[in-house]
Amino acid sequence: MWTAAANLARMVQGTRQCGRIIREFRPDVVFMTGGYVAAPVAWAAARCRVPLLIYLPDLTPGRAIALTSRFAQKVAVSFPEVARYFPGKAVVTGYPVRPELLAADKPAARQALGLHPDLPVLLPRCQVVHVSGQLDWPTVERAAQELAGVLPIDLLARYRPYPYLHEEMVQALAAADLVVARAGASVLGEFPARGLPSILAPYPHAGQHQDANAAYLADHGAAVVIVDSDLSARLAPTILELLDAPGELQGMSQAAARLCQPEAAYNIARVLTELAGM
């Protein structure tokens, strides 16, 4: 376990290392996102007098962003509501997503994942792509094996568990009609990019930013929020309620799509070139 003194020493060492890299590389501008590991980059950029742009994807800044933003010339934020945290420095750029996500075709995505083209009236009602994460994969894999022993083959084919998806995540999002997820920053960009309605359960040990992210989508009519302690009781009924209310699901989809900002990557690049004097 690291002590406060040890962490401070590592920060100082990191700042020196970053400063050495910046002096050798001589960048025109430095671009960073949040997290304590990025703080030495901000401090080194300030010491070397290199313009700094910070990008905050979440709805609320963490301590690291709040601290390092004083060294930045500009802070790019995803939504206008976040600009108040950085008076005089905020630039609303939107949340950048890869262009493949915007262009993906739903039928082709379902075919790529091996899903049936129909979505009939949890498995008798819908097909499920379950991305568990590597840590939970052994538990999910055991559960899937148990299901294989009791479910009919036609139902079993409708459940597709994965430990992780990389490039295939584009297909998963494009194929979906409804997403169940935690509420990390990516939900603010990827779900609006596809006009995806969602059920969000903010991770209770991730600080308050996931609560803020989920509340933002819910307040705009794009998501339903379930607290972690209520998942067992409320998740399946909520999914079925939404599947039984296609009009409500469509309204949530339209609300999510209204939050999409497809020019976000261009906007961030524009601010970078301006700071670099290009």
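Summary table
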item: Evaluation of ARG49 against (1) under 26 Å from GLY184 (Cα atoms); (2) surrounded by fewer than 18 Cβ atoms within 10 Å (Cβ to Cβ); (3) among the basic types (Lys, Arg) (one fails), failing number; result: (1)
item: Candidates PRO107, PRO61, PRO27, filtered to the one that is more than 22 Å from ALA185 (Cα to Cα) and part of a loop (DSSP other than H, G, I, E, B); result: PRO27
item: Residue match in the stretch 227-234 (condition: hydroxyl-bearing (Ser, Thr, Tyr) and at pLDDT below 95); result: yes
item: Residues located in the stretch 192-205, provided they are more than 21 Å from ASP230 (Cβ to Cβ) and not basic (Lys, Arg); result: PRO192, ALA193, GLY195, LEU196
item: Meets criteria (at pLDDT below 95, surrounded by fewer than 12 Cβ atoms within 10 Å (Cβ to Cβ), more than 30 Å from VAL30 (Cα to Cα) and not polar (S, T, N, Q)) for PRO124; result: yes
item: Residue match in the stretch 31-49 (condition: assigned to a helix (DSSP H, G or I), among the aliphatic types (A, V, I, L, M) and under 30 Å from GLU168 (Cα atoms)); result: yes
item: Top-ranked residue in the stretch 132-180 [being of a type in the set (Phe, Trp, Tyr) and outside any strand (DSSP E or B); ranked as surrounded by the fewest Cβ atoms within 10 Å (Cβ to Cβ)]; result: TYR164
item: Count of residues meeting criterion [part of a loop (DSSP other than H, G, I, E, B), closer than 25 Å to ALA245 by Cβ and of a type outside the set (Lys, Arg)] in the stretch 181-215; result: 6
item: Hey, ARG234 closer than 15 Å to PRO96 by Cα and open to solvent by 60 Å² or more (accessible area, probe 1.4 Å) or not; result: no
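The values are calculated or read from the model by the stated rules, or taken from the named source; none is laboratory data. Note that the structure is predicted; figures quoted are calculated from it, not measured. In this analysis, Cβ positions are derived from the backbone assuming ideal geometry, glycine residues included, and neighbour counts consider all displayed protein chains. Heavy atoms of the whole protein, side chains included, go into the accessibility calculation; ligands, DNA and RNA do not. Shrake-Rupley method; radii C 1.70, N 1.55, O 1.52, S 1.80 Å.
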